[in-house]
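Each reported figure results from applying straightforward, stated rules to the coordinates on display, with no laboratory input. Note that the structure is predicted; figures quoted are calculated from it, not measured. No Cβ is skipped: glycine too gets one built from the backbone with ideal geometry, and neighbour counts run over all protein chains shown.
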Amino acid sequence: MQLKIDHKSPIPLHVQAENLLRKLISDPQYQGGKFIPNEVELSKRLAISRTTLRQALNKLVYEGLLTRKKGVGTKVASMAVSSKSMNWMSFSQEMKARGITIKNFELHLSWVFPEEKVANFFEIKPDKKVLKLERLRGKTEGPFVYFVSYFHPRVGLTGEEDFSRPLYEILEKDHLVTAQLSKEEISARAADKLIAGKLDVELGSPILFRKRFVYDQADRPIEYNLGYYRADGFIYTVESRRD
């Protein structure tokens, strides 16, 4: 298969590389978990830097199309059952789209030293404070979700913003930061004392726990978000389209 980058094209090199890799993956010779050419060979064939190539590879690894093992190589992933929500919005925008009026029952802002997992995600030192936003939200009859968000200091949030506005609208319009990519982990867990009190459920009741990692246009981390939902008050829907 001929792989060629058009260096005169206005299309970014990493995007061209990503499109070529998608074609490569579809080639029968690479199906069934076979290894694709290594980074050194591919970057030479495409006449691009390994950094640019790696940006394209990382995108396909995230999508589950490639798997990579250090010291071994990169290969086409075996087909697996997977569901992803391809379109996402802030919570306020989600609820508005569904015609649901949302009420803020609690809103707390503080500057805190991040836990290790938060600091690692932001790639900052744990002695650098970050803005923490806690919100208890729901319908007029009662709350059904408790959010805890941490923001990278680079974003520029001061804590003086009007957080009754949609969060990503604040980031984009006030701080010129566009939330471009969201990676999520969803699981079930039992409500501890804090969450049970916030959501007005029995201690140990099942809740939906959603962890969201948000990145900007340059794939830099901007928000680490934790969401705790009443199991009887929220349904998470995933829409997938078959190509």
**Asked** Nearest 0.05, what FRET efficiency do Asp200 and Glu123 give at R0 = 51 Å with Cβ-Cβ as r?
**Response** 0.85
**Request:** Go through segment 112-120 residue by residue and turn each phi into a ³J(HN,Hα) via Karplus (6.51, -1.76, 1.60, θ = phi - 60°); whole Hz please, and just put x for glycine and proline.
**Result:** 10, 7, x, 5, 4, 5, 6, 4, 5
**Prompt:** Quick one: Cα centre-to-centre distance for segment 174-225 and segment 1-73, in angstrom?
**Reply:** 32 Å
**Fill in**
FRET efficiency for Asp219 and Thr140 from the Cβ-Cβ distance with R0 = 30 Å, rounded to 0.05, comes out at 0.20
**Prompt:** So what's the Cα pair-distance distribution over segment 91-230, bin width 5 Å, in %?
**Reply:** 2, 9, 18, 22, 22, 16, 8, 3, 0
**Straight-distance crosslink candidates among lysines, where the alpha carbon sits under 27 Å from Lys193 and sequence neighbours closer than 8 are dropped** = Lys103, Lys117, Lys129, Lys132, Lys139, Lys211
**Request:** Can you pull the one-decimal nm distance between simple spin-label points at Thr158 and Leu176, each 7 Å off the Cα toward Cβ?
**Result:** 1.7 nm
**Message:** Show me the ranking of peptides 194-204, 137-147, 104-114 by mean Cβ neighbours inside 10 Å, starting with the highest.
**Reply:** 137-147, 194-204, 104-114
**Request:** With r as the distance between the Cβ atoms of His7 and Lys69 and R0 = 41 Å, compute the FRET efficiency 1/(1 + (r/R0)^6) and round to 0.05.
**Result:** 0.85
**Prompt:** Which lysines does Lys44 reach when only Cα atoms under 25 Å apart count, and residues fewer than 8 places away in its own chain are ignored?
**Reply:** Lys4, Lys8, Lys23, Lys34, Lys59, Lys69, Lys70, Lys75
**Asked** What is the mean projected area of the alpha carbon convex hull for segment 13-76, to one decimal in square nanometres?
**Response** 3.9 nm²
